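Okay, so here's the structure we're looking at.
The values are calculated or read from the model by the stated rules, or taken from the named source; none is laboratory data. Note that the coordinates shown come from a computational prediction; the quantities given were computed from them, not determined experimentally. Cβ: placed from backbone, ideal geometry, glycine included. Neighbour counts: every protein chain shown.
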Amino acid sequence: MIRGESVDISPRESWKNSGEEAVLVEEELARFTPEKDTALTIGVFDGVHLGHKHLISILLEQANQGNLLSGVVTFRQHPEDLFSPKAKLPFLTDMKARTSFLKKEGVDFVVPLSFSKELAQLDARSFIGLLLKHLKMRRLVIGTDFALGRNRAGDTAALKKLGKEMDFKVTVVPPLVINGEVVSSTAIRQAMAAGDMPRVRKLAGHYFSLHGKVVPGTGRGEGLGFPTANLNVSKGQALPPDGVYTSWAHINGKAYESMTNVGLCPTFDSDERTIETYIIDYSGDLYGNDLYVDLVGKLREEEKFDSIDDLKVQIADDIKRGRKILESADVNQR
C-alpha cells in the first residue's frame, strides 16, 4: 500500500512537542515532496566511499522490494563541526560533488540538511516524525554505529523500537571491511594526508576529486608556456600534501590528461597555497566554469628551482612522465 500524502501519524504526534527546535529543520524538509513513500538512509556520506556505496546498495534493494522511492538525507556540515568547532574536520567532497556521487549510485533523490543547533536538540522521535511527515519514510537503512537525535539517543536499538511504534522498518547494515580494514571517511582522510592516493582510491572506489570554479591566477603558468586552470575550492576542503600530481580534468563530459600542482609555488616565493592544473592538449577559456580534477597519484614533491629555465625543464619532464602514467590509469566517468 502506498500511503503517500495520506499517511496519518496523528495518534503518535508526541514528536511535535519539541516546539521551535523542529521549525528550521521542518522548513528544509518541506522543500521536498516525494511522489510516493520512501526508503531512506541518513548520514554525512563524506567521500561517498565503498562503505557508503555498500549501504546504498542495500537501500536500493529495500526500495525495490517495497515499491518505494530511494532517498539519502545528508548533512551539509559534519556534526563534529558543531560539537567541536576548534577541531573542524576537513571534508572530502563538497555538497555539489557529494550529491553528484550519490545520484550516480542510483538513488532517486538527495536531501541536504543543515546540521544546526536546532537539529542537534531534536530527540530521535521528533526527527523521525518529520521524516515520516515530509519524506513519507517507510523504511530506514543505517549502519551499525549510527545514532541520531539529542545525545545520540536514537541508536539502532532505539530506532527499531520507534519503527514498531511509528510504522517503519529499520535495516542495519554491517560495515564494509577490505583487507581487515573498516572502510571509513577517517581512514581515507588519513591516507590522503599521507599522500597515498592509490590507497585513497582503493577505499573510496574512485579517485580523490577536487571541485571548484576556475578563477584568474597570477598568469605565471602562461608565462612559462604551460597555462594552468586555477581552482577555487570550497573553504574546509581536505587537500593532499603539497606536490605535483598526475590527474584527470573533466571538461564538458570529456576527461583530459593533466598535471596538478598543490602548494605554494616556492620558486616564486608565494605564501598562498593554490591548486593549479595544466590540462594537456586543451585550449579554451575556462574562467568561471566548474571543474572536477581527479588526482591519480603523486609525481613528486614541490621544490624551489634556481631559475625559471630549470623550472620549465622540470615541468616538461613532469608532463612526459605523467602522460606515461596516465596511459594505464582508469578514468572516472562523470
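Only one residue in 245, 256 is at pLDDT 95 or above, aromatic (Phe, Trp, Tyr), within 21 Å of the chain's Cα centre (by Cα) and over 30 Å from residue 65 (Cα atoms), so which one is that? The unique qualifying residue is 245. When the residues of region 289-334 are filtered to those that are hydrophobic (A, V, I, L, M, F, W, C) and in a helix (DSSP H, G or I), the one that is nearest to residue 243 (Cα to Cα) is 315.
Here 47, 71 are screened, and the one residue that is over 28 Å from residue 291 (Cβ atoms), at pLDDT 90 or above, small (Gly, Ala, Ser) and surrounded by 17 or more Cβ atoms within 10 Å (Cβ to Cβ) is 71.
Go through the residues of region 188-211 one by one and say whether even a single one is surrounded by 15 or more Cβ atoms within 10 Å (Cβ to Cβ), aliphatic (A, V, I, L, M) and not in a helix (DSSP H, G or I). Write out each step before concluding.
Let us first name the residues in region 188-211 that are surrounded by 15 or more Cβ atoms within 10 Å (Cβ to Cβ), namely 188-189, 191-192, 195-197, 199-211.
With aliphatic (A, V, I, L, M) added as a condition, the list becomes 188, 191-192, 197, 200, 203-204, 210.
So of that shortlist, the ones also not in a helix (DSSP H, G or I) come out as 210.
Yes, region 188-211 contains at least one residue that is surrounded by 15 or more Cβ atoms within 10 Å (Cβ to Cβ), aliphatic (A, V, I, L, M) and not in a helix (DSSP H, G or I).
Count of region 138-170 residues, restricted to those that are within 25 Å of the chain's Cα centre (by Cα), surrounded by 21 or more Cβ atoms within 10 Å (Cβ to Cβ) and farther than 20 Å from residue 120 by Cα, is 2.
Meeting the requirement of 3 or more residues that are in contact with an Asp or Glu (Cβ under 9 Å, 6 or more places away or on another chain), the helices (runs of 4 or more DSSP H) wholly within region 76-183 are 117-121, 124-135. The lone criterion from (1) surrounded by 14 or more Cβ atoms within 10 Å (Cβ to Cβ); (2) assigned by TED's automatic domain parsing to the domain that holds residue 98; (3) without any contact (Cβ under 8 Å) to a residue 60 or more places away in the chain left unmet by residue 173 is number (3).
From the list 104, 86, which one is modelled with pLDDT of 80 or more and in the same structural domain as residue 54 (by TED's automatic domain parsing)? Give the steps one after another, and end with the answer.
Details: 86 fails: modelled with pLDDT of 80 or more.
Of 104, 86, the one residue that is modelled with pLDDT of 80 or more and in the same structural domain as residue 54 (by TED's automatic domain parsing) is 104.
Could you check region 176-200 and list, in sequence order, the residues that are small (Gly, Ala, Ser) and without any contact (Cβ under 8 Å) to a residue 40 or more places away in the chain? Those that are small (Gly, Ala, Ser) and without any contact (Cβ under 8 Å) to a residue 40 or more places away in the chain: 180, 187, 191. Quick check on my filter: what residues within region 212-224 are in contact (Cβ under 8 Å) with a residue 24 or more places away in the chain and part of a helix (DSSP H, G or I)? Passing the criteria: 220, 221, 224. Here residue 122 fulfils each of the conditions (1) buried (at least 18 other Cβ atoms within 10 Å of the Cβ); (2) assigned by TED's automatic domain parsing to the domain that holds residue 36; (3) under 14 Å from residue 52 (Cβ atoms) apart from (3). Please tell me if residue 240 is assigned by TED's automatic domain parsing to the domain that holds residue 290 and closer than 21 Å to residue 189 by Cβ. Yes; evaluated as a whole, the condition is true for this residue.
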